[in-house]
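> Here's a structure for you.
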Amino acid sequence: MVTIAGNIEHRLTIQTVEIAPNTTAIRCLDWDRDRFDIEFGLQNGTTYNSYLIRGEQTVLIDTSHQKFRQLYLDTLKGLINLKSIDYIIVSHTEPDHSGLVEDVLRLAPRATVLASKVALQFLEGLVHEPFSKRIVKSGDRINIGKGHEIEFVSAPNLHWPDTIFSYDKKTEVIYTCDAFGMHFCDDRTFDENLEAIETDFRFYYDCLMGPNARSLLNAMKKMNELGNIKIIANGHGPLLYHHLEVLKDCYHNWSQKQAKSETTVGLFYVFGYGFSDHLAHAIGDGLQKAGVGVEVLDLNTADIQEIQELAGRATGLIVGMSPTSASTAQAAISSLLAVAKNKQVVGLFECYGGDDEPIDTLRRKFIDLGIKEAFTAIRIKETPTANTYKLCEDAGHDLGQLLIRERNIKQIKSLDVNMEKALGRLSNGLYIVTAKKGETNGAMIASWVVQASLQPLGFTIAIAKDRGIDSLLQLGDRFVLNVLEESNYQDLKKHFLKRLLPGTDRFTGVRTQIAKNGSPILTDALAYIECEVVKTMECSDHWILYCVVEDGKVSNPDGLTAVRHRKVGNYY
Ligand code: FEO
């Protein structure tokens, strides 16, 4: 039975549903949330999923975000007497799942918190009263009666260093929190509508899980040893049941591809300090868009061996500093410097430093080792904005492109010469895509544009996955396609091909007007078309976007579209 409670006006609702014997999902539906981790734009809200298992003893797995405090606690009180909770399993300590642990503990005084060692350390800082606790790790089990034996799996870095999964042998439900999640808010408890969720499932993987592909593969190996898995009870979005195997395979394949990347950047910082997570995610996102693998480690919790293994193997290093890391992570940073090599490149970022802060000392040490800086150190002294995150993403993207340039040249040379010449005879126009979302804007030159439908009027455009603009071209986003004119395109082309320093406004120096959808129109283009992305299709190294036209105008009725003639088809 499904029960819905909540405040529809504020679009925060709670769904409780029996998902297996003695097992209730408490799904907090946040219909209108449009940002996650700040830089992570959402199209379909999100959910925070918590679970209750009632054997002879009672277990609560995770709680919810603080915005649900009253609704969540009222719902929980309607389901059980809170004093009867024996265990609270904290999968990790990010506030969207552990934000109400302190409130629940106050009402459930006999409960013991089960979590990883690192999570309990974090939790001691979050909960202001003493509480009963027990460290759990892979292979540990608790038997709560009525056949429910729960086994734990350490799953660090998914996507926090302190994550554990929990598996109930009786119901064959595994509780994975962030892993296998998606930001998708819907009344449907499960994943029956694959088409509706697949884009969000992939986007979430790319943003949160991709940078930890190796950790994910390790965790999946341990998962597979637990026994049959009937349901993946995640922390965000619909639970995986109907398409569990397909979606699990997706995670495996994407992670294998990511982990095999010839080029890897090690991203090291102290998790959970100020905005460091958000900045690191944005940099990691830029790196991934450039086709570079990213692996992330927390300087405070990772083993020295882990740090040295990754720092020694990576082609590039990103190190994030904060006032806390200067003191607590000193040994980790020294161990990293001990294995850094002069063939590597490094990028540094800092949260809330002063004028002569640890980042300067660290920067000098890298330079002394002969290691080149990939971008000017990013120093964040104020609350980051969308533009700050764009700057970080651009910096990551630039570093990624620098690292893969050589690899791409080798690939270009390896293709069959006749085939590539034949492909080069396909004709293409010349266009500039311009887009604005919130306070962030972007532009890119495009040429793989083809009309695709008459009713409604629509076209497709192919966007390389390594283009930094793709966060503005998600499903449901609106943009402008500017058609360049044969006799008047060189200046615009030159302007939009120019490499800019991260954070520079792409539109400075060109004439623009504002489209109805808010994106810039290039005044000197031959025509513009306003459109919405209504479908996406993944094609190897490109995304194909199918866009429906909403408006458009030609500025010169006699003008001809600029055409690109290429000799070969294996690069632009
Ligand atoms: Fe959904 Fe890592 O919090």
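The values are calculated or read from the model by the stated rules, or taken from the named source; none is laboratory data. Not measured: the values here are computed from a predicted model. Neighbour counts are summed over all protein chains in view; Cβ atoms, including those assigned to glycine, are modelled from backbone coordinates with ideal geometry. In case anyone asks, the SASA skips ligands and DNA or RNA and just uses the protein heavy atoms, side chains included. Shrake-Rupley method; radii C 1.70, N 1.55, O 1.52, S 1.80 Å.
> Looking at region 271-278, is at least one residue on the phi > 0 side of the Ramachandran plot and at pLDDT below 85?
Yes; the residues of region 271-278 include at least one that is on the phi > 0 side of the Ramachandran plot and at pLDDT below 85.
> For region 88-108, enumerate the residues that are assigned to a loop (DSSP other than H, G, I, E, B) and either within 16 Å of the ligand (Cβ to nearest atom) or open to solvent by 60 Å² or more (accessible area, probe 1.4 Å) (or both).
The answer is V90, S91, H92, T93, E94, G99, L100.
> While we're looking at this one, here's another question. Answer yes or no as to whether Y204 is within 16 Å of the ligand (Cβ to nearest atom), within 13 Å of I89 (Cβ to Cβ) and not assigned by TED's automatic domain parsing to the domain that holds I307.
No: the conditions fail for Y204.
> Spot the failing condition for S132; the list is (1) more than 16 Å from G227 (Cβ to Cβ); (2) hydroxyl-bearing (S, T, Y); (3) in contact with a helix residue (DSSP H, G or I) (Cβ under 8 Å, 6 or more places away or on another chain), and only one is missed.
(3)
> Among the listed residues E151, E192, identify the single one that is closer than 21 Å to I61 by Cα, away from the ligand (no atom under 15 Å from the Cβ) and not polar (S, T, N, Q).
Sole residue among the options that is closer than 21 Å to I61 by Cα, away from the ligand (no atom under 15 Å from the Cβ) and not polar (S, T, N, Q): E151.
> Which one is nearest to the ligand (Cβ to nearest atom) among residues in region 109-130 that are touching a residue at least 40 places away in the same chain (Cβ under 8 Å) and in a loop (DSSP other than H, G, I, E, B)?
Within region 109-130, the match that is nearest to the ligand (Cβ to nearest atom) is S116.
> Among (1) surrounded by 17 or more Cβ atoms within 10 Å (Cβ to Cβ); (2) free of Cβ contacts under 8 Å to residues at least 60 places away in the same chain, which single condition is L481 missing?
Result: L481 passes all but (2).
For (1) in contact with a Phe, Trp or Tyr (Cβ under 7 Å, 6 or more places away or on another chain); (2) charged (D, E, K, R); (3) open to solvent by 10 Å² or more (accessible area, probe 1.4 Å); (4) in a strand (DSSP E or B), each residue gets a yes or a no:
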site	(1), (2), (3), (4)
E195	no, yes, yes, no
D200	yes, yes, yes, no
D206	no, yes, yes, no
N218	no, no, yes, no
G237	yes, no, no, no
Y251	yes, no, no, no
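> Do any strands (runs of 3 or more DSSP E) lying entirely in region 418-471 carry at least 3 residues that are modelled with pLDDT of 90 or more and not aliphatic (A, V, I, L, M), and which ones are they?
431-437, 458-464
> Now a separate question. Do the conditions hold for I142, that is, is it in contact with a Lys or Arg (Cβ under 7 Å, 6 or more places away or on another chain) and either away from the ligand (no atom under 16 Å from the Cβ) or in a strand (DSSP E or B) (or both)?
No, not satisfied.
> While we're on this one: Taking M182 as meeting all but one of (1) open to solvent by less than 10 Å² (accessible area, probe 1.4 Å); (2) outside any loop (DSSP other than H, G, I, E, B), write down the number of the exception.
(2)
> Taking region 425-461 only, how many residues are in contact with a Cys (Cβ under 8 Å, 6 or more places away or on another chain) and either open to solvent by 20 Å² or more (accessible area, probe 1.4 Å) or over 24 Å from N488 (Cα atoms) (or both)?
Residues flagged as in contact with a Cys (Cβ under 8 Å, 6 or more places away or on another chain) and either open to solvent by 20 Å² or more (accessible area, probe 1.4 Å) or over 24 Å from N488 (Cα atoms) (or both) within region 425-461 amount to 2.
> With respect to the numbered conditions (1) away from the ligand (no atom under 13 Å from the Cβ); (2) open to solvent by 10 Å² or more (accessible area, probe 1.4 Å), which one is the sole condition not fulfilled by I26?
Looking at each condition in turn, I26 falls short on (2).
> Which of the residues spanning region 62-87 are within 16 Å of the ligand (Cβ to nearest atom), of a type outside the set (S, T, N, Q), open to solvent by less than 50 Å² (accessible area, probe 1.4 Å) and touching a Leu at 6+ places or on another chain (Cβ under 7 Å)?
F68, Y72, listed by residue number.
> Continuing with the same structure: Quick one: which of A119, A115 is at pLDDT below 95, of a type outside the set (S, T, N, Q) and closer than 11 Å to V90 by Cβ?
Being at pLDDT below 95, of a type outside the set (S, T, N, Q) and closer than 11 Å to V90 by Cβ holds for just one of A119, A115, which is A119.
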